[in-house]
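The structure appears below as structure tokens.
Nothing in this text is a laboratory measurement; each read-out follows from the coordinates by a stated rule. Everything numeric in this text was worked out from a predicted model, so none of it was measured. No Cβ is skipped: glycine too gets one built from the backbone with ideal geometry, and neighbour counts run over all protein chains shown.
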Amino acid sequence: MIENIKSFLGSFFVTGDPMIYGADASIALATIGIVFYLTYFKKWKWLWDEWLTTVDHKKIGIMYIIAAILMLFRGGVDALLMRAQLIIPNNTFLTSQHYNEIFTTHGTIMIFFMAMPFIFGLMNIAIPLQIGARDVAFPFLNAVSFWLFFLAAMLFNISFVIGGSPDAGWTSYAPLAGLKLDPGVGENYYLVALQISGIGTLATGVNFLVTIFKMRAPGMTLFKMPMFTWSTLVTSIIIIFAFPVLTIALALMSIDRLFGAHFFTIEAGGSPMMWANLFWIWGHPEVYIVLIPVLGIFSEVISTFAHKTLFGYKAMVWSMIAISVLSFTTWLHHFFTMGNTAWVNSFFSVSTMIIAIPTGVKIFNWLFTLNKGRIEFTTAMLWALAFIPNFTIGGITGVMLSLAPADYQYHNSYFLIAHFHNVLIAGTVFGVFAGLHYWWPKMFGHVLNERLGKWAFWVFMISYNICFLPMYFIGLMGMTRRMYTFPSGLGWEPLNLVITLGAFGMGVGFLIMVWMIVYSAKYGKRDTTGDPWNGRTLEWATSSPAPEYNFAHIPQVETVDAFAHMKEKGTAGNIYKAPFQAIHMPNDTGIPFILSVFFFIAGFGLVFEWYWMAIPGTIGIIVSMIVRSFKDHEDHHHIPAEEVEQTERAAGRLS
Amino acid sequence: MKKFAMKLIGSCSLLLLFLTGCTNRIAVLNPQGPVARQQYHLIIWSVILTAFIFAVVLIIFIYVLVKFGRKNNHAGYDPNNHGNTKLEITWTLIPVVICILLAVPTIKTLFALEGPPKPTEGLSKKEPITINVTSADWKWIFRYPKDGIQTVNYVVIPEDTPVKFNLFADSAMNSFWVPELGGQQYTMPDMPMKLWLQADHVGDYLGRSANFSGRGFAGMQFHVLSKTDADYKAWIQTIKDTKPALTMSTYEDLLKPSNVKTMAFSSYPKELDDKDKKAMKKMKHMEHMDIPENHLDLNSKDNDMGGMDMSNDSMKGGK
Amino acid sequence: MSSNNHELNKFPWKHVIGLALSLILTLIALWVVVSLSLPTVATLTIIVLLAVCQAFIQLLMFMHINENHGRGYRILAIAFGFYIAVVVVYGSLWIMWFTV
Amino acid sequence: METTNHTPIEYSTEEGSNKILGFWVFLGAEIVLFSALFSVYLVLHSHTAGGPTSKDLFEVKEFMIETFLLLISSFTCGLGTIELRRHNVKGLVAWLVVTLLLGLGFIGMELNEFITYVTVEHATLQTSAFLSGFFVLVGTHGAHVSFGIVWMICVIIQLLRRGVTPVTARKAFIIGLYWHFLDVVWIFIFTAVYLTGLVL
Ligand code: HEA
Ligand code: HEA
Ligand code: CUA
Ligand SMILES: [Cu+2]
């Protein structure tokens, strides 16, 4: 009996590695610490009332961003561990198995649990404010999306200590990821966690699409929307039409693994290549899902700090629409080397390089927004400016990859690794950092420290180039990705060393940034006007942080850059002019959280194929949905006019 | 801002440095055969065009920052400058032209790579040879159907001769890559593939798997030795004379997950040849995937290796 | 019980026609497959076209895709969905059937 | 073209019309979801691994009855929507119940079909890639229908309890859209799986 329990625990918890015991201990300590803190300071009720049950888009946005920064840390530690292993040839710091798990979780976490949630967080913060709305179209669904993402991220992360992490790469190619070659539970974690967070992502897409289509302030026609709103609209469309394919791919692989079907197996006619096909039908649009929103952020930041209206507004919009339509016709460029006919490869080569054209249009429009501007070098602006050359490097190497015969030489080498970090970091990461600095005052009512921010910027940006530029060359030298170690004597040593140093430099940059956030929370300059940057769009028209109802009166929009126009005309004050009216707002609810906990339970059960756990979890999901269906007609309340008046007065807006 | 610009210029010149000098350590930029050379030309062509684009972006970028970024000097500030149709058309058309300039050689090269490479200038045309390659966990197995020998983790080819590599996989996918001789192709368990390569000269070229296949992946490295015709023939004879024969059970042991050193065998069981052949026949006739299952029989490990019956297509289910 | 809109009190012709059409198209498709021995490609083309017609019948006759209240957005969503569906199905078949 | 010159009750609130649009968008996503399943099925159709083929399995009579059941249920569901717009709870509920029964009939037949395949023909999910594709594609549709039945029951209960309000009307309208949509999907299954299975 005791032996049984022992051997069960031995396989349940990952054992045998001091690093993992360290992780076990720190997770346990952190959990105890948090529980103690909440109990001691009697914060449980606060946590539940203010956060776990909230449907306020601003709070949900903040939670997304906190979670994303934590995941950036986790993914970053993974990256640093990998780089530490590759600092010298034939290193034995990590075993092969451990390294494989680490790059898999690094890629997966960075894309699914860092990049996307960070972006969703900023969307949540900014979109309803930018379009002059009181909330998103479906606040309840919004909370569901967040909690599904959050609990899926937790599910994915516990794989590190319970059962073992996935080890077949973030692309999880069959047959390597199939049951026969990868029998552990790690791959199940990948499948189940991504499935759960994917559902949340799809819901986010629908939510923001409807929000932008239907909830804009009067007068804001589509072509008067701020650029971040446009980019969110386009992104939502890509999400809605790309994610179902991932849902299917994951589901089929799960059915293969759990129920012995033969979609991607080697036996019984399965087609491993079909996995690659499905994965990339989703996967290529996915890279634009994490890129296009930040293009919107850059447009906002560049036009704000060049103190100019955006150059070529219409071209900016149409190029994003073109990218979204084209993004669905290029997926094969990820497997040019799988024996396709020359016709197939030709088609996808050309369809891929065509994307350079609309992207280029955007680059030049930003450059000409800066032209004749009055450029103010705030930290947010620095991130946006650094984006332009750095992303262009990633973009043009993308075009080099798109030439299929040349890709035969680049594919899966460090050249590819360099390409996608150049676009993902110079694009997505710089973008969310710019957005974080830009909207921070709107979220918390104080400005981030500029001096520390600039330090973080320079350290991170320079290290980033030191880290990723050499990768192009080491790739051309023949080093492939996913090698847990490399032999000496091939001339790879110096470059690998430089790359690792760059990676740790980025770590330092990240630490400065964390310090900056902590420091600013204490000493940051308060933003009393609600408009710290002399902004151009409606989010700056309300106080910082915005009141629960966002705007006392829904603004009336006449032009692009609506708020700049209002300030010129002197009508900006209309938004908080007495008399006030009662405002209709959605109620807080615990159902999204509870529903997602059931998803977690069902998911954990599936990972271990414990149906005694998965089935009750599923029943819990269905019951939560039915309960919601029977209660959803009573989920609103009104904020009385007097309370609106008090709030506005407290924000110093009424004399 | 100056610092920033300096750094960018610095990294650019670094790029140039790498492209001009010391390329012989950079395998991809050191092509040793016609296939790699075609790809190399395409790569250089694309580097020139994209570098041009990058230069344009960089110049405008530095110009606007220097001109409009200086403190306290706002000459030329024009907050209402919001578009210029002529400019916008220009920067749409130039990339279009560049895309066309890239697309045409890409498509030409793709079709050219379908067949055996044309002989390198100044060298005579020779009959192609065929080598069957199987990736297993985690090693490369090479079979010479004409000479009946097998090697592991190294392969010898005659110089200046087109070699058709037929690619198979046991278990996971891998990718067969010898950068100095040419770009890669996957080996896939459900699907036979081919890759033409050719070495112009005698030499030792390093190859490795480019597609992750599990724990032993980093060790999936092999050497391609290119020899003169006479040396090649002599080598084959030596292998035949001095190396042991491969039995089916040794072969099955070989397929088990492990990293191994180089090996050679003077002969291998005929079944393996039949399997390779059968798979390839299916590839040729594979107008579409409407072919009986397990067209790569090599993978149905559990079928009866002794009594392979070619007329019977019944190795269903791999069980 | 009654509505002031006279449209609603009429016999539901649209729905009846929709049903009749869908039944007829279904039977035609079956007939093409079972009784006509056309070349495979022709048969498949015809039945796929018939299915697309049926989809339109459902959308127009039953699902009110064409009535007011945000018609543009609705049609956009469905049209984009069809675009992606065609790309996914056709693209996958092209890639997966004609490889090597 | 429908000329509705008044606003139907399900669209009468902002929430109602947002949710209906949201549901259409969701249907757009469902189109893609099924298209991915269709492409998998079609690619794997010939990968029978020596197991039964589509010609061995499909019975014209069976799948025609299934098709008619669904087509008619789509019609009755549409009649329900007309009653909804007449604010006639009884009529609406009656048609929904008819729809539901037809749907149950369909599910019953499909289950029966699956059970026959598994027990009589020994054609299971695990037999071949083709059958994996078949069971999962057709099964996903069946699961949608079953989910629709549970959902419709919930809507009927709410209609009976609360009558036609903007909230219940919106729900009744949306379940109608869902049901018609599943009919569209079935038409493609009928075409690409069953009829095609007789040809290829
Ligand atoms: C944010 C993410 C992001 C973005 C934006 C891009 C953008 C692009 N990517 Fe990248 N890509 C990835 C993330 C991204 N990619 C990832 C993660 C992978 C690897 C996945 C894996 O295997 O794990 C990958 C892999 C990848 C491959 C597969 C390579 C291989 O596996 O062998 C290819 C091949 O064509 C490619 C091409 C492109 C192209 C052409 C663009 C274009 O969109 C770039 C367009 C931009 C520009 C070109 C710059 C600006 C334009 C101008 C200044 C105008 C004029 C320019 C010209 C005419 C050249 N990418
Ligand atoms: C948005 C996405 C994103 C981001 C931001 C990053 C960020 C980084 N990535 Fe990567 N990466 C991917 C997406 C991303 N990556 C993907 C998709 C893959 C493919 C995976 C696969 O093959 O399946 C990949 C793969 C990948 C590889 C290839 C591994 C291999 O194939 O063998 C490498 C190697 O150097 C690497 C490095 C880095 C580094 C150094 C960073 C740096 O930017 C990280 C910056 C560092 C921090 C932010 C850390 C902060 C932490 C501290 C300061 C704490 C210090 C504490 C300790 C050391 C204990 N990444
Ligand atoms: Cu893949 Cu044949
Ligand atoms: Cu891509």
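Between the listed residues A:THR171, A:PHE41, B:ILE149, the Cα displaced farthest toward the positive end of the dipole of the protein assembly as shown, a dipole computed from Cβ unit charges relative to the Cα centre, is found at A:PHE41.
Applying a threshold of 24 Å to the alpha-carbon distances of A:LYS214/A:LYS567; A:LYS362/A:LYS567; B:LYS125/B:LYS277; B:LYS139/B:LYS277 flags A:LYS214/A:LYS567; A:LYS362/A:LYS567; B:LYS125/B:LYS277 as lying beyond it. Across segment C:14-19, computed HN-Hα scalar couplings (Karplus, 6.51 cos²θ - 1.76 cosθ + 1.60, θ = phi - 60°) run 4, 5, 5, 4, x, 4 Hz from first to last residue, x flagging Gly and Pro.
Between the helical axis of A:227-259 and the longest alpha-carbon principal axis of chain A there is an angle of about 30 degrees. Across segment A:511-522, computed HN-Hα scalar couplings (Karplus, 6.51 cos²θ - 1.76 cosθ + 1.60, θ = phi - 60°) run 5, 4, 5, 4, 4, 4, 5, 4, 4, 5, 4, 8 Hz from first to last residue, x flagging Gly and Pro. Between B:TRP140 and B:ASN153, the built amide H atoms are under 5 Å apart, and every one of these is 5 or more places off in sequence or on another chain.
Note on B:ALA51 and D:GLU59: their simple-model spin labels are 7.2 nm apart, each label 7 Å out from Cα toward Cβ. Treating cross-link reach as a plain straight distance, find the lysines whose alpha-carbon is under 17 Å from the alpha-carbon of A:LYS180, omitting any fewer than eight places away in the same chain. In chain and number order, the partners are B:LYS256, B:LYS301, B:LYS319.
Estimate the FRET efficiency between A:THR92 and A:PHE8 by the formula 1/(1 + (r/R0)^6), using the beta-carbon distance for r and 30 Å for R0, to the nearest 0.05. Could you put the intermediate results ahead of the total?
Values: r = 31 Å, r/R0 = 1.02.
Approximately 0.45, to the nearest 0.05.
If the segment from A:MET154 to A:LYS314 were pulled out straight at 0.36 nm per residue, it would be longer than the present Cα-Cα gap by 53.5 nm.
Counting other Cβ atoms within 10 Å, which chymotrypsin sites (Phe, Trp or Tyr not before Pro) in segment C:21-100 have at most 15 and lie in a DSSP loop? Working shown, then result.
Details: sites: C:TRP31, C:PHE56, C:PHE62, C:TYR73, C:PHE80, C:PHE82, C:TYR83, C:TYR90, C:TRP94, C:TRP97, C:PHE98; in loops: C:PHE98.
For chymotrypsin sites (Phe, Trp or Tyr not before Pro) across segment C:21-100 that sit outside H, G, I, E and B with at most 15 neighbouring Cβ atoms in 10 Å, the list reads C:PHE98.
Taking 0.36 nm per residue of separation and subtracting the Cα-Cα distance, full extension of the segment from A:PHE223 to A:THR31 would add 64.3 nm.
Dipole check for the protein assembly as shown: with +1 at the C-beta of Lys and Arg, -1 at the C-beta of Asp and Glu, and the Cα centre as origin, the magnitude is about 3160 Debye. By the beta-carbon count within 10 Å of each Cβ, the least crowded to most crowded order of B:VAL104, D:VAL199, B:VAL133, fewest first, is B:VAL104, D:VAL199, B:VAL133.
The aspartates and glutamates whose alpha-carbon is closer than 18 Å to the alpha-carbon of C:LYS10, local same-chain residues fewer than 8 away aside, are C:GLU67, D:GLU2, D:GLU83.
Reducing segment A:39-97 and segment A:313-333 to their Cα centroids gives an inter-centroid distance of 32 Å.
Across the residues of A:453-465, average count of Cβ atoms on other protein chains within 10 Å? Provide the component values of the computation, followed by the final result.
Values: counts 0, 0, 0, 0, 0, 3, 0, 0, 2, 3, 0, 0, 4.
Rounded to a whole number, the mean comes out at 1.
If R0 is 45 Å, the Cβ-Cβ spacing of C:ALA20 and D:VAL118 corresponds to a FRET efficiency of close to 0.80.
Quote to one decimal, in nm, the extra length available between A:GLN556 and A:LYS522 on full extension: 0.36 nm per residue of separation minus the C-alpha distance between them. Can you show the working numbers first?
Numbers: separation 34, 0.36 × 34 = 12.24 nm, distance 3.65 nm.
Net length gain for the segment: 8.6 nm.
Relative to one another, the C-alpha centroids of segment C:54-82 and segment A:585-655 are positioned 31 Å apart.
In summary, the lysines within cross-link reach of C:LYS14, defined as a Cα separation below 29 angstrom excluding same-chain residues under 8 places away, comprise D:LYS19, D:LYS61, D:LYS90, D:LYS171. Less than 5 angstrom separates the built amide H of B:GLN185 from those of B:PHE176, all sequence-distant by 5 or more or on a different chain. The 3J(HN,Hα) values that the Karplus relation (6.51, -1.76, 1.60; θ = phi - 60°) gives for segment A:579-584 are, in residue order, x, 9, 10, 5, 10, 8 Hz. Gly and Pro appear as x. Placing a label point 7 Å from the Cα of C:VAL41 along the Cα-to-Cβ direction, the residues of segment D:40-66 whose backbone N falls under 19 Å from that point are D:43. Return one number: the angle in degrees, 0 to 90 and rounded to the nearest 10, between the long axis of the Cα atoms of helix A:186-214 and the longest principal axis of the Cα atoms of chain A. Orientation of helix A:186-214: about 30 degrees from the principal axis.
Calculated FRET efficiency, B:LYS164 to C:CYS53, Cβ-Cβ distance, R0 = 41 Å: about 0.25 to the nearest 0.05.
For segment A:1-109, lysine pairs separated by 8 or more sequence positions, or belonging to different chains, with Cα-Cα distances below 30 Å total 6.
Classify segment A:590-634 from the C-alpha gyration tensor, please: rounded if a/c falls under 1.5, else prolate or oblate depending on whether a/b exceeds b/c.
Values: a/c = 5.08, a/b = 2.53, b/c = 2.01.
Since a/c reaches 1.5 and a/b is larger than b/c, the shape of segment A:590-634 is classed as prolate.
Amide H contacts of B:GLY207 (H built 1.01 Å from N, in plane; Pro and chain starts excluded): B:PHE222, B:HIS223, B:VAL224 sit under 5 Å, all sequence-distant by 5 or more or on other chains. Above 56 Å, the calculated P(r) of the protein assembly as shown contains 20 percent of its Cα-Cα pairs. Spacing of the modelled spin labels on A:ILE619 and B:LEU87, each 7 Å from Cα toward Cβ, amounts to 6.7 nm.
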